[in-house]
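**Q** Mind looking over this structure? Questions follow.
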Amino acid sequence: MITGKYPNLRMRRSRKNSWSRRLVQENSLSYNDLILPIFLTDGSNQKIPIKSMPNIYRYSIDRLSKIIDKSIKKKIPMVALFPQTKIKLKNPLGSEALNENNLVCKAIRYIKKRYKNEIGIMCDVALDPYTSHGHDGLLKNSKIVNDETINVLVKQSLLQASMGCDVIAPSDMMDGRIGKIRKELDKNKFEDVQIISYAVKYASSFYGPFRDAVGSKGALRGDKKTYQMDFKNTNEALREVSIDIKEGADMVMVKPGLPYLDIIKNVKEHFKIPVLAYQVSGEYSLIANGIKQGIIDDNVIYETLMAFKRAGSNAIISYFADQINLDF
């Protein structure tokens with residue numbers, strides 16, 4: 001219901017001063033709302049720029065302290081780890097995902113040893129950084145097989161939990177994996193390890209720079225449309241979220257972010273569960289390059305992150321997390 005009319009009601013009165021605008025603002029954004037993704041690489045003393053993502057780097061384990069220190073200083077609650085696996089370690093089965101000395105496992109141990117519980121660690125559960133064909137699951141007869149893939153994802157989840165991972169984040173979009181992972185975590189006394197389900201992950205063209213960063217783009221055979229969602233669908237997203245909640249997800253993810261604000265809003269309104277958005281690599285690179293070329297100014301970073309909050313996101317995974325200044 002709209003009450004009042006001009007000239008008795010002047011909406012601009014509340015916009016006149018900074019203090020009054022702050023009084024009536026409906027949403028806020030702080031570092032508490034952000035999760036920083038970090039790309040890992042082999043070697044020592046490595047900080048390698050990613051050409052398709054301005055100001056984003058791959059870090060060797062011994063260089064992680066600088067970026068973790070910065071995150072803790074800003075009070076960013078959690079980092080998300082993604083590996084660039086050497087080509088020689090990749091195979092059709094993604095076996096490196098189950099190696100306790102893979103990049104992710106080594107990074108977890110390093111962070112936990114140095115920082116204890118000062119910052120949370122989120123680990124991706126999927127096989128695409130480890131498979132020679134670039135898919136998130138096992139490939140048999142040109143088909144991504146669901147149940148066989150889940151068996152590997154369960155083992156990957158247990159391994160990451162045993163290393164000290166705080167939040168398991170299955171991003172593979174296999175049917176039924178949340179329930180099986182939750183059951184095995186609980187069975188192995190990891191009942192306090194949380195699960196963020198990439199419940200709504202669309203088959204999107206916005207993932208290109210990420211695939212560059214983890215080294216899966218050149219390897220990818222075909223596309224991922226048989227397991228990632230059709231971006232023309234809305235109700236399907238609600239079904240996916242409903243299933244994952246029943247299977248034991250603590251939080252759910254919508255990915256990508258900005259093109260799917262309507263989905264974030266729908267999920268939040270229907271389920272009242274913590275909802276995360278992923279401002280993915282393609283979104284980041286478009287914005288970062290626009291700023292770099294002077295087409296837009298850097299205030300757009302804050303504007304886009306606030307859009308996620310306005311839509312209902314509890315938190316946002318963003319490559320801007322450690323770049324944006326929220327100290328005002």
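**Q** Give me the residue from the stretch 251-267 that is within 20 Å of ASP124 (Cα to Cα) and β-branched (Val, Ile, Thr) and, out of that set, surrounded by the most Cβ atoms within 10 Å (Cβ to Cβ).
**A** VAL254
**Q** Can you pull out every residue in the stretch 306-319 that is in a loop (DSSP other than H, G, I, E, B) and either of a type in the set (Asp, Glu) or surrounded by 22 or more Cβ atoms within 10 Å (Cβ to Cβ) (or both)?
**A** Across the stretch 306-319, the qualifying residues are SER313, TYR319.
**Q** Which of the residues spanning the stretch 43-73 are touching a residue at least 60 places away in the same chain (Cβ under 8 Å) and either assigned to a helix (DSSP H, G or I) or more than 24 Å from ILE287 (Cβ to Cβ) (or both)?
**A** The answer is ILE67, LYS70, SER71.
**Q** Still on this structure, I have one more. Any idea which of LEU81, LEU138 is buried (at least 20 other Cβ atoms within 10 Å of the Cβ), more than 23 Å from ASP230 (Cβ to Cβ) and either among the aliphatic types (A, V, I, L, M) or in contact with a Ser or Thr (Cβ under 6 Å, 6 or more places away or on another chain) (or both)?
**A** So the residue among LEU81, LEU138 that is buried (at least 20 other Cβ atoms within 10 Å of the Cβ), more than 23 Å from ASP230 (Cβ to Cβ) and either among the aliphatic types (A, V, I, L, M) or in contact with a Ser or Thr (Cβ under 6 Å, 6 or more places away or on another chain) (or both) is LEU81.
**Q** Answer with yes or no whether GLY248 is surrounded by fewer than 24 Cβ atoms within 10 Å (Cβ to Cβ), of a type in the set (Gly, Ala, Ser) and over 16 Å from ILE196 (Cβ atoms).
**A** no
**Q** Can you tell me which residue in the stretch 23-53 is surrounded by the fewest Cβ atoms within 10 Å (Cβ to Cβ), limited to those that are under 19 Å from SER65 (Cβ atoms) and among the β-branched types (Val, Ile, Thr)?
**A** Here the residue is ILE48.
**Q** Let me ask something else about it. Go through (1) farther than 22 Å from SER318 by Cβ; (2) part of a helix (DSSP H, G or I); (3) hydrophobic (A, V, I, L, M, F, W, C) one by one and return the number of the condition ALA219 breaks.
**A** (2)
**Q** So, one more: Can you pull out the residues in the stretch 28-67 that are more than 19 Å from the chain's Cα centre (by Cα), farther than 18 Å from GLU118 by Cα and of a type in the set (Gly, Ala, Ser)?
**A** Result: SER28, GLY43, SER44, SER60.
**Q** Going by the structure shown, is PRO7 without any contact (Cβ under 8 Å) to a residue 12 or more places away in the chain and in contact with a Phe, Trp or Tyr (Cβ under 6 Å, 6 or more places away or on another chain)?
**A** Against the criterion (without any contact (Cβ under 8 Å) to a residue 12 or more places away in the chain and in contact with a Phe, Trp or Tyr (Cβ under 6 Å, 6 or more places away or on another chain)), PRO7 does not qualify.
**Q** Does ASP322 meet the test of being out of contact with any strand residue (DSSP E or B) (no Cβ under 9 Å at 6 or more places or on another chain) and assigned to a loop (DSSP other than H, G, I, E, B)?
**A** no
**Q** Within the stretch 94-127, can you find the residues that are under 22 Å from GLN46 (Cβ atoms), part of a loop (DSSP other than H, G, I, E, B) and of a type in the set (Asp, Glu)?
**A** GLU100, the sole residue that qualifies.
**Q** Same structure again: Can you tell me how many residues in the stretch 159-195 are in a loop (DSSP other than H, G, I, E, B) and in contact with a Lys or Arg (Cβ under 7 Å, 6 or more places away or on another chain)?
**A** Total meeting the criteria: 3.
**Q** Another question, if that's okay. Quick one: in the stretch 230-245, of everything that is crowded, with 21+ Cβ neighbours inside 10 Å and of a type in the set (A, V, I, L, M, F, W, C), which residue is nearest to ILE287 (Cα to Cα)?
**A** Taking the candidates together, the pick is ALA237.
**Q** For the stretch 283-305, does any single residue satisfy the condition of being of a type in the set (Ser, Thr, Tyr), crowded, with 18+ Cβ neighbours inside 10 Å, modelled with pLDDT of 95 or more and under 30 Å from LEU185 (Cβ atoms)?
**A** no
**Q** Among what's in the stretch 268-282 and is assigned to a helix (DSSP H, G or I) and either of a type in the set (A, V, I, L, M) or within 15 Å of the chain's Cα centre (by Cα) (or both), pick the residue that is surrounded by the fewest Cβ atoms within 10 Å (Cβ to Cβ).
**A** Ranking the candidates gives GLY282 first.
**Q** Residues LYS90, LYS70: which one is farther than 22 Å from GLU148 by Cβ and more than 18 Å from the chain's Cα centre (by Cα)?
**A** LYS70
**Q** In addition: If I ask for residues that are free of Cβ contacts under 8 Å to residues at least 60 places away in the same chain, under 14 Å from ASP175 (Cβ atoms) and of a type in the set (Gly, Ala, Ser), which ones from the stretch 219-257 would you list?
**A** Correct list: SER242 only.
**Q** Now for a separate question. Name the pairs: first residue in the stretch 297-309 and within 16 Å of LYS265 (Cβ to Cβ) and of a type in the set (A, V, I, L, M), second residue modelled with pLDDT of 95 or more and in a helix (DSSP H, G or I), Cβ to Cβ under 7 Å, at least 6 apart or on different chains?
**A** Short answer, once both residue conditions are applied: ALA307/LEU258; ALA307/LEU261.
The values are calculated or read from the model by the stated rules, or taken from the named source; none is laboratory data. This structure is a prediction, so every number in the text was calculated from the model and none was measured. FYI the Cβ positions are ideal-geometry reconstructions off the backbone, even for glycines, and counts take in every protein chain you see.
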